[in-house]
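**Q** Pasting in a structure now, in structure tokens, and then I'll have a few things to ask.
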Amino acid sequence: MTKEKKSKPSKDLPLGFVDRQEKELLVRDFIISNIKEVMIKYGFQYLETPSFEYSDSIGKFLPDKDRPDEGVFSFKDENKWLSLRYDLTAPLARYVAKNYLEIPKPFKRYQLGTVWRNEKPGPGRFREFLQFDADFVGTKSLQADAELCVMISEILEKCGVTKSEYIIKISSRKITEELFKKLNINNNQQKLTALRALDKIDRLGWQGVKELLGEGRKDKSGDFTKGANLSTQNIEIIENELKKKIPKTDDLKEVLKIFKDYNFDNFEFDPSIIRGLEYYTGTIFEVNLKFDVTNNKGQVIQFGSIGGGGRYDNLVNNFGNYDAPATGISIGLDRLVYALTQKKEFKIKQSKPVIICVFDKNLMKEYVGLQTILRKSGISTEIYPGENKLKKQMEYANKIKSPAVILYGEDEIKTGKPTLKNLSSGEEKIIEMKELVYEIKKII
RNA sequence: GCAGCAGUAGCUCAGUUGGUUAGAGCACUAGUUUGUGGAACUAGGGGUCGGUGGUUCGAAUCCACCCUGCUGUACCA
């Protein structure tokens, strides 16, 4: 008999998409519960918006005939383009514009939601991920900007990240803006390229950044990146000015003053923080973890920031004539989860069920009775889901990391006393029915 | 997108200058124990050697193209 050629459906996942397992999800749930607690304390309201929006509602990546998928996942529905949201800020702007007359001003909201980006994934970076956002819309007060930093610190510390393990880096768009003005750098394209270059100090160091501010840079693989073509003189002035790390602008001075009111000092001024280019107008900040994070081969990797934010005073009025200055923060939860699970001290308790072994289908009534007693006492319990030899049932219990099995077969039924087997020690004990709950609680 | 490297079992990988029926460890299945998991032993299943075409008596091995992945880089709201 010859084997028939069959093309089976692929088991592979699309690039950048992953299955997430319980271990990870429990950590995520833990973080989320801390976030919600803090958000309530800070007076933010909870909002959810849909995954899809009309493409032209959520930003600059308008699908066109040539490249409808640039950066976002889009499709044409009837004759309108829809896109999966790529962040939570653009939908917020849309929401505020749509509900402007009803919502309180200023409007404070937080949102947890999956976002999608059609771009190349990297270690710890996926094309589908969960984001947390908190924003103030409709206030120019820098109190808001400062409070966001204080708030994220509280969340991190609640999650077990100690003060020495993270830092908030803060800067303002006005720093580079004023600098460019002073140096008479007016070409918009040049300014954007220069900002992008400055954003890479962490990775490339000043040497690489200076190449990018000038003619350009060749990377390790030999690929060449064009630079901003600034004059050597200007490049030097920029380097000297930024290396001084003096927060000259008024907005920064004020934010730092408010930090003092809050007794918040776990930050540093870092003029190399740039973030989204066309978007932020004032203060910008980034949340960085300082402990080592390793990949699955045990190598320490450059983890970068787990999130950040800043002031975007022009976004909402793109939708209408509302003056809605805003400031906000976004955190990538998956990255935070990944980092947290790497901390040795970090443990989340997983309760696995006690397994009641099935000796005889006809005894099912007894097993259900036992299960009910245990579940009522709050003990996670399951009757072995199937019909198999005891050996199989034990293997199953072992595989799911069950703490104990209950053996209640012919022998035990006679006396009405079940056998309890502790699966980590291997110890077996005949237990009075009355004592069963007590004995199990000792084990789990 | 650009550049470099790589693709052999579910996973990690070996496979000599091209040569019979492509291997190992882990995992999986069955048994050694018809009421006992984690250890050991025995046996077993599982591969279009990424795909297509070419060179050759003969290709996992050489060549071309394509696909996929990894890394760097670009973009990143």
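**Q** Ignoring ligands, DNA and RNA, what percent of the 1.4 Å accessible area of chain A is carbon and sulfur? Let's see the in-between values first.
**A** Numbers: 12200 of 25360 Å².
Accessible surface attributable to carbon and sulfur in chain A totals 48 percent.
**Q** Further question: Any idea of the accessible area per residue across chain A, 1.4 Å probe, to the nearest Å²? Provide the component values of the computation, followed by the final result.
**A** Details: 25360 Å² over 444 residues.
With the other protein chains kept in place, chain A gives 57 Å² per residue.
**Q** Ok, one more. Could you please report the charge total around A:Phe136, scoring K, R as +1 and D, E as -1 over all other residues with beta-carbon less than 11 angstrom from its beta-carbon? Could you put the intermediate results ahead of the total?
**A** Values: positive: A:Lys105, A:Lys108, A:Arg109, A:Lys140, A:Arg311; negative: A:Asp135, A:Asp145, A:Glu147.
Overall, the nearby charge balance is +2.
**Q** Over chain A, with a Gaussian network built from C-alpha contacts below 10 Å, which listed residue (A:Gln393, A:Gln45, A:Gln143) shows the highest mean-square fluctuation?
**A** Of the options given, A:Gln393 has the highest mean-square fluctuation.
**Q** Just order A:32-41, A:282-291 by mean Cβ neighbour count inside 10 Å, highest at the front, would you? Don't jump to the answer; show the numbers that get you there.
**A** Values: A:32-41: 15.7, A:282-291: 21.6.
For the peptides A:32-41, A:282-291, the packing ranking is A:282-291, A:32-41.
**Q** For region A:85-151, what relative contact order do you get, as a whole percent, if you take Cα pairs closer than 8 Å and at least 6 residues apart?
**A** Numbers: 66 pairs, mean separation 22.7, N = 67.
That works out to 34 percent.
**Q** Let me check I've understood the local charge: for A:Gly113, count other residues with C-beta under 10 angstrom from its C-beta, Lys and Arg +1, Asp and Glu -1. What total comes out? Working shown, then result.
**A** Details: positive: A:Arg85; negative: A:Glu48, A:Asp87, A:Asp133.
Net of charged neighbours comes to -2.
**Q** Hey, how many Å between the Cα centroid of region A:342-365 and the Cα centroid of region A:417-431?
**A** 14 Å
**Q** In nm, to one decimal, how far is the modelled label at A:Glu48 from the one at A:Lys441, with both set 7 Å along Cα→Cβ?
**A** The answer from the label model is 3.6 nm.
**Q** When the chain is fully extended, how far beyond the present Cα-Cα distance does A:Leu101 get from A:Ile413, taking 0.36 nm per residue of separation? Could the numbers behind the result be given before it?
**A** On the way: separation 312, 0.36 × 312 = 112.32 nm, distance 7.06 nm.
Going from the current span to full extension adds 105.3 nm.
**Q** Then there's this: Between A:Asp323 and A:Leu13, what length in nm is gained on full extension when 0.36 nm per residue of separation is reduced by their alpha carbon distance?
**A** On the way: separation 310, 0.36 × 310 = 111.60 nm, distance 4.39 nm.
Roughly 107.2 nm would be gained on extension.
**Q** Cut-off under 20 Å on the C-alpha distance; same-chain residues fewer than 8 positions from A:Lys80 excluded. Which aspartates and glutamates are left, in chain and number order?
**A** A:Glu53, A:Asp56, A:Asp64, A:Asp66, A:Asp69, A:Glu70
**Q** Any idea how far apart A:Ile237 and A:Phe224 come out in nm if each label point goes 7 Å out from Cα toward Cβ?
**A** So the label points at A:Ile237 and A:Phe224 sit 2.8 nm apart.
**Q** Additional query: Would you mind counting up the charge near A:Ile273? Only other residues with Cβ under 11 Å from its Cβ, with Lys and Arg at +1 and Asp and Glu at -1.
**A** Net charge in that neighbourhood comes out at -2.
**Q** How many percent of DSSP beta bridges within region A:354-443 run antiparallel, rounded to 5? The partial results should precede the final answer.
**A** On the way: 7 of 12 bridges.
Once the DSSP bridges in region A:354-443 are tallied, antiparallel ones form about 60 percent.
**Q** Something else about it: Quick one: which residues, 5+ away or cross-chain, put their amide H under 5 Å from the amide H of A:Gln131? H built at 1.01 Å from N.
**A** Counting only residues 5 or more places away or on other chains, the set is A:Gly113, A:Thr114, A:Val115, A:Leu333.
**Q** For a protection proxy built on the mean count of beta-carbon atoms within 10 angstrom, sort A:169-176, A:196-203 highest first, please.
**A** On the way: A:169-176: 22.9, A:196-203: 17.6.
In descending order of packing, they fall as A:169-176, A:196-203.
**Q** Using only DSSP helix segments of four residues or longer, with each worth -39500 (n - 2.57), what per-residue ellipticity at 222 nm results for chain A after dividing by its residue count and rounding to 500? Walk me through the numbers on the way to the answer.
**A** Working: 13 runs with 151 residues, N = 444.
About -10500 deg cm²/dmol.
**Q** Past the 28 Å Cα-Cα mark, which pairs from A:Lys349/A:Lys414; A:Lys182/A:Lys257; A:Lys226/A:Lys257?
**A** Values: A:Lys349/A:Lys414 37 Å; A:Lys182/A:Lys257 26 Å; A:Lys226/A:Lys257 40 Å.
Going by Cα-Cα distance, A:Lys349/A:Lys414; A:Lys226/A:Lys257 fall outside the 28 Å limit.
**Q** Take A:Thr114 and A:Glu37, extend 7 Å from each Cα along the Cα→Cβ direction, and tell me the distance between the two endpoints in nm.
**A** Modelled inter-label distance: 2.7 nm.
**Q** Moving on to the next point. Could you work out the relative contact order of chain A, using alpha carbon pairs under 8 angstrom and six or more residues apart, expressed as a whole percent?
**A** Details: 682 pairs, mean separation 61.1, N = 444.
Worked out over chain A, it gives 14 percent.
**Q** Could I ask something else about it? Could you let me know the centre-to-centre spacing of region A:310-341 and region A:195-255, using Cα atoms, in angstrom?
**A** The two parts, judged by their Cα centres, are 25 Å apart.
**Q** Would you list which lysines come within 20 Å of A:Lys389, measuring only between C-alpha atoms, while excluding same-chain residues fewer than 8 positions from it?
**A** Reachable lysines: A:Lys361, A:Lys365, A:Lys399, A:Lys401, A:Lys421.
**Q** Suppose R0 equals 60 Å. What FRET efficiency, 1/(1 + (r/R0)^6) with r the Cβ-Cβ distance, do A:Lys376 and A:Thr162 give to the nearest 0.05? Before the final figure, lay out the partial values.
**A** Numbers: r = 40 Å, r/R0 = 0.67.
FRET efficiency, A:Lys376 to A:Thr162: 0.90.
**Q** Still on this structure: Share of antiparallel DSSP beta bridges in chain A, in percent to the nearest 5?
**A** Working: 55 of 65 bridges.
Counting DSSP beta bridges with both partners in chain A, the antiparallel share is about 85 percent.
**Q** Also, I was wondering about something else. I want to verify a result. In a Gaussian network model of chain A, Cα cutoff 10 Å, which of these has the top mean-square fluctuation: A:Gly276, A:Gly369, A:Gly124?
**A** A:Gly369
**Q** Roughly how large, in nm² to one decimal, is the mean projection of the convex hull of the alpha-carbon atoms in chain A? Numbers along the way, then the final one.
**A** On the way: hull surface 130.4 nm².
Convex hull of Cα atoms, orientation-averaged projection: 32.6 nm².
**Q** Sort the following peptides by mean Cβ neighbour count (other Cβ atoms within 10 Å, averaged over residues), highest first: A:88-95, A:257-264, A:396-403. Before the final figure, lay out each step's value.
**A** Values: A:88-95: 23.2, A:257-264: 13.4, A:396-403: 15.4.
The densest-packed peptide leads the list: A:88-95, A:396-403, A:257-264.
**Q** Got a sec to turn the phi values of region A:235-249 into Karplus ³J(HN,Hα) couplings, 6.51 cos²θ - 1.76 cosθ + 1.60 with θ = phi - 60°, whole Hz, x for Gly and Pro?
**A** After applying 6.51 cos²θ - 1.76 cosθ + 1.60, I find 4, 5, 4, 4, 4, 4, 4, 6, 5, 5, 6, 10, x, 7, 6 Hz.
**Q** Just need the relative contact order of region A:331-444 here, percent rounded to a whole number, with Cα pairs under 8 Å and 6+ apart.
**A** Working: 137 pairs, mean separation 26.2, N = 114.
Reported as a whole number, the value is 23 percent.
**Q** Taking R0 as 51 Å, what's the FRET efficiency between A:Lys361 and A:Lys80 from their Cβ-Cβ distance, rounded to 0.05?
**A** Values: r = 57 Å, r/R0 = 1.12.
It comes out at approximately 0.35.
**Q** Where is the GNM fluctuation largest for chain A (alpha-carbon springs, 10 angstrom cutoff): A:Asn79, A:Asn229, A:Asn186?
**A** A:Asn79
**Q** Per Stokes-Einstein, at 10 °C and 1.306 mPa s, what whole-number D in µm² s⁻¹ belongs to region A:354-443, with the Kirkwood radius over Cα pairs as the hydrodynamic radius? Don't skip to the end; give the middle numbers.
**A** Details: Rh = 12.9 Å.
For these conditions, the coefficient is 123 µm²/s.
**Q** Once ligands and nucleic acids are excluded and a 1.4 Å probe is used, how much of A:Leu13 is accessible, expressed in Å² to the nearest 10?
**A** The accessible area of A:Leu13 comes to roughly 90 Å².
The values are calculated or read from the model by the stated rules, or taken from the named source; none is laboratory data. Bear in mind the structure is a predicted one, so any value in this text is a computation, not a measurement. Cβ sites come from the backbone with ideal geometry, for glycine too, and all protein chains shown count toward neighbours. Just so you know, the surface numbers come from the protein's heavy atoms only, side chains and all, with ligands and any DNA or RNA stripped out. Shrake-Rupley method; radii C 1.70, N 1.55, O 1.52, S 1.80 Å.
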